[in-house]
Amino acid sequence: MVLLTALIGHPALSTFILFGVRTTSALMVGVLCVRIAGRTTFSQLNALDIVVAIATGSILGRAMTDASPFLPTISAALFLVFLRRLLSAATARWRWLSILTQGEAVVVIRDGRADAGLLRKHRISEDDLMEAIRLGGAADLSEVRLAVLEDGGRISVIRYSGDGHGALR
């Protein structure tokens with residue numbers, strides 16, 4: 001900071017430039033973090049990915065605002081993302097770890113019948129369920145062969161073919 005003030009001459013301007021450099025650097029590191037973590041980390045958003053996304057943003061925010069020393073803070077963000085990447089590889093190898101960190105898909109409708117207990121357990125309202133069914137291309141429960149609450153929180157719907165029975169679409 002002293003060197004920057006000596007070069008520019010005005011402390012307020014040097015502070016402005018310093019924050020600009022810090023913010024630009026943190027933004028570039030943020031993009032690098034997303035590239036290292038992989039596309040799925042910030043798109044599917046299961047519980048672990050949400051924590052990683054929030055923590056990474058928080059860490060980079062501290063680097064931008066001079067709330068923490070810049071290089072150790074950036075290092076923490078990169079370490080967190082590398083750790084997530086390693087955990088992602090481990091969860092692809094060991095199913096038990098995947099279930100522990102990301103959860104497991106749950107069938108909430110089978111053959112047109114909703115499982116009221118599972119819907120309550122996972123806090124899915126009737127309105128939310130009907131919305132998912134409509135988004136899946138069905139008008140009501142009778143058209144749904146299977147609906148699955150995915151580990152990312154989305155509900156996937158598999159409909160019966162044409163007459164409500166038989167092959168899957």
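What follows is calculated from the coordinates using simple rules that are stated; it is not laboratory data. Since the model is a prediction, treat every value here as computed from it, not as a measurement. As a convention, Cβ positions derive from the backbone with ideal geometry for all residues, glycine included, and neighbour counts pool all protein chains shown.
Annotations
- Residue-wise HN-Hα coupling along the range 120-136, computed from phi with Karplus coefficients 6.51, -1.76, 1.60 (Hz; x: Gly, Pro): 5, 4, 9, 6, 9, 6, 4, 5, 5, 5, 5, 4, 4, 5, 4, 5, x
- Using a Förster distance of 22 Å, the FRET efficiency for residue 90-residue 146 (Cβ separation, nearest 0.05): 0.15
- Using θ = phi - 60° in the Karplus curve 6.51 cos²θ - 1.76 cosθ + 1.60, the 3J(HN,Hα) couplings for the range 64-74 round to 5, 9, 6, 6, 9, x, 4, 5, x, 5, 4 Hz; x is entered for Gly and Pro.
- Rg and Dmax of the range 105-159, based on Cα coordinates, read 9.6, 25 Å.
- Neighbour cut-off at most 15 other Cβ (10 Å), DSSP loop, GluC sites (Glu not before Pro), the range 67-145: 104
- FRET efficiency, 1/(1 + (r/R0)^6) with R0 41 Å, evaluated for residue 19 and residue 154 via beta carbons: 0.60
- Label point distance in nm, residue 120-residue 58, each placed 7 Å from Cα along Cα→Cβ: 3.4
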